[in-house]
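Colleague: Okay, handing you the structure first.
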Amino acid sequence: MNNILQQISRPTHIAALASFRFIFGLILFAGVMRFAVNGWITDLYISPTFYFKYFGFEFVQPLDSLGMHLVFVVMGISFLLIAIGYWYRIASIMAFLSFTYVELIDKTNYLNHYYFVSLVGLILIFLPADRYFSLRTILKPEDEVTQIPAYKIGVLKLQLGIVYFYAGLAKLNADWLLNALPLKIWLPAKANIPILGSLLSKTWVAYVFSWFGAFYDLLIPFFLLMKKYRAFAYFFVIVFHLATYFLFQIGMFPFVMIGATIIFFSTDWHIKYQQKLLHLLRIKQIESPTNKPLKSNKILLTGFALFFAFQLMFPFRFLVYPGKLFWTEQGYRFSWRVMLMEKAGYATFHVTNPENGRSWEVNNYDYLTPNQEKMMSTQADMIIQFAHFLEKKYQNEGIKNPIITVECYATLNGSPTQLMIDPTLDLTKVNDTFAPKKWILPFNPNL
């Protein structure tokens, strides 16, 4: 044990951490600007009349229009300050809090890379990433540090490794490997792409993509750790993520991963390109005459150990739930299951006034945006939340105990459409908890 502690606490150069800070901050700053320019602040966080909450975070509410736009201003400035390494500690805290706050407002906007950004943002708060190659050390050379404990870079490598490896483990299922699903559905839809489009309609191509994707995710972090194969592996990082970007339009995630993965490169590589950039900007970095290595912090090291122990275990919580994971989605989120299924459906809510027996259907679009309605229609926890929202609405209109049921049909990876929720269940009598949702009907692939 002592040997392990000595190994992860050994002094190592800070250059890789500084590069990570610079690129991560710039990419996220660009992402915030892209979000604002496209009008998504209004579309996702101001226009909706109802928001789906994460369990335990029901108290998180959006601000008014001015407030939400100010949150994004703070977020953008914070990521830019992280990139240049100025007021870093305050900026990293504000970036983490503002980004995570926005992420928690509405569950229908969940994406794996939002979760990844929050985790990295939290980690960066506790790392001295501004002590080298930063505006801080340009203005105050005496603050420069070149040697830090190895684990302060290793934690970011481990975080990236978890994302990749767990995404690979999630692909080890029959739908992905034996049936090439959902790629067999998605790729033919891209057949109009110039040059390679005609290949995407071929079934064998879907199988090649599926198997390559699984092996890529499982093996890429290990190849990146090996100096001999690092350049070769990084070439595949670029190819893989650019391919997913152009084929599936998944936002900034490919660029976040391409940028973040450079942390695996050697100290000499980072110093070389940092010096080139400083020369290009005509900035002279003055080395500190009193440069001392930062010492290991046992409390911080213990905190990181607990943090990653949780991350390693949490994705396996799906094992305690019965039924097909992709159908019930219990334990699906926050588990690095990236683009593994094609699921669609619709949910028709029926309301009955028990006092007079009158029944009617709800028009979901009276309360939900198209994206919210789409996401809710195939996810049981959101169906329950919307039912309780309707219950309160009708109670406020004078119906004391409305009975609310749902007729929910869904299809999974091209399967026949089938009922997903017990249509006789009064949803007002059910609460969303971590307990198994026994009222989700079993998936039958043979219909």
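The values are calculated or read from the model by the stated rules, or taken from the named source; none is laboratory data. Keep in mind the model is a prediction, meaning the values are calculated, not measured. A quick note on method: Cβ atoms are made from the backbone with ideal geometry, for glycine too, and the neighbour counts reach across all protein chains shown. SASA here: full protein model, heavy atoms, side chains in, ligands and nucleic acids out. Shrake-Rupley method; radii C 1.70, N 1.55, O 1.52, S 1.80 Å.
Colleague: Identify, please: which residue in region 1-15 is in contact with a Pro (Cβ under 8 Å, 6 or more places away or on another chain) and among the β-branched types (Val, Ile, Thr) and is, among those, modelled with the lowest pLDDT?
Modeller: If we take residues in region 1-15 being in contact with a Pro (Cβ under 8 Å, 6 or more places away or on another chain) and among the β-branched types (Val, Ile, Thr), then Ile8 is modelled with the lowest pLDDT.
Colleague: I would also like to ask the following. Of all residues in region 107-144 being of a type in the set (Lys, Arg) and in a helix (DSSP H, G or I), which is surrounded by the most Cβ atoms within 10 Å (Cβ to Cβ)?
Modeller: Lys107
Colleague: Within region 343-357, take every residue that is open to solvent by 60 Å² or more (accessible area, probe 1.4 Å) and modelled with pLDDT under 95 and give me the one that is nearest to Ala435 (Cα to Cα).
Modeller: Out of the qualifying residues, it is Pro354.
Colleague: Are any residues in region 201-221 farther than 14 Å from Phe240 by Cα and either of a type in the set (S, T, N, Q) or in contact (Cβ under 8 Å) with a residue 40 or more places away in the chain (or both), and if so, which ones?
Modeller: Matches in region 201-221: Ser201, Thr203.
Colleague: Between residues in region 169-196 that are open to solvent by less than 50 Å² (accessible area, probe 1.4 Å) and residues that are in a loop (DSSP other than H, G, I, E, B) and among the charged types (D, E, K, R), which pairs lie under 8 Å by C-beta distance while being six or more apart or on different chains?
Modeller: Final answer for the pair search is Ala170/Arg337; Leu177/Lys171; Leu181/Glu342; Pro182/Glu342; Trp186/Glu342.
Colleague: Same structure, new question: Say whether the condition of being surrounded by fewer than 16 Cβ atoms within 10 Å (Cβ to Cβ) and farther than 19 Å from Gly323 by Cβ is met by at least one residue in region 435-446.
Modeller: no
Colleague: OK, next. Considering region 349-372 alone, what residues qualify as being closer than 17 Å to Phe50 by Cβ, in contact with a strand residue (DSSP E or B) (Cβ under 8 Å, 6 or more places away or on another chain) and of a type outside the set (A, V, I, L, M)?
Modeller: Residues satisfying the conditions are Phe349, Asn364.
Colleague: Kindly indicate whether Val73 is assigned to a helix (DSSP H, G or I) and open to solvent by 70 Å² or more (accessible area, probe 1.4 Å).
Modeller: yes
Colleague: Right, something else. What residue, among those in region 19-49 that are under 20 Å from Leu119 (Cβ atoms) and of a type in the set (Gly, Ala, Ser), is surrounded by the fewest Cβ atoms within 10 Å (Cβ to Cβ)?
Modeller: Ala30
Colleague: With the structure loaded, tell me whether Phe52 is touching a residue at least 12 places away in the same chain (Cβ under 8 Å), over 23 Å from Met257 (Cβ atoms) and open to solvent by less than 10 Å² (accessible area, probe 1.4 Å) or whether it fails that test.
Modeller: Yes.
Colleague: Could I ask something else about it? Consider Thr369 carefully, then state whether it is under 20 Å from Leu181 (Cα atoms), among the polar types (S, T, N, Q) and under 29 Å from the mean Cα position of the chain (by Cα).
Modeller: no
Colleague: Would you confirm, using the coordinates I've provided, whether Gly25 is assigned to a helix (DSSP H, G or I), among the small types (Gly, Ala, Ser) and either within 24 Å of Asn371 (Cβ to Cβ) or over 21 Å from the mean Cα position of the chain (by Cα) (or both)?
Modeller: So Gly25 fails the test.
Colleague: Give me a count of the residues in region 407-419 that are in a loop (DSSP other than H, G, I, E, B) and out of contact with any Ser or Thr (no Cβ under 7 Å at 6 or more places or on another chain).
Modeller: Qualifying residue count for the region: 4.
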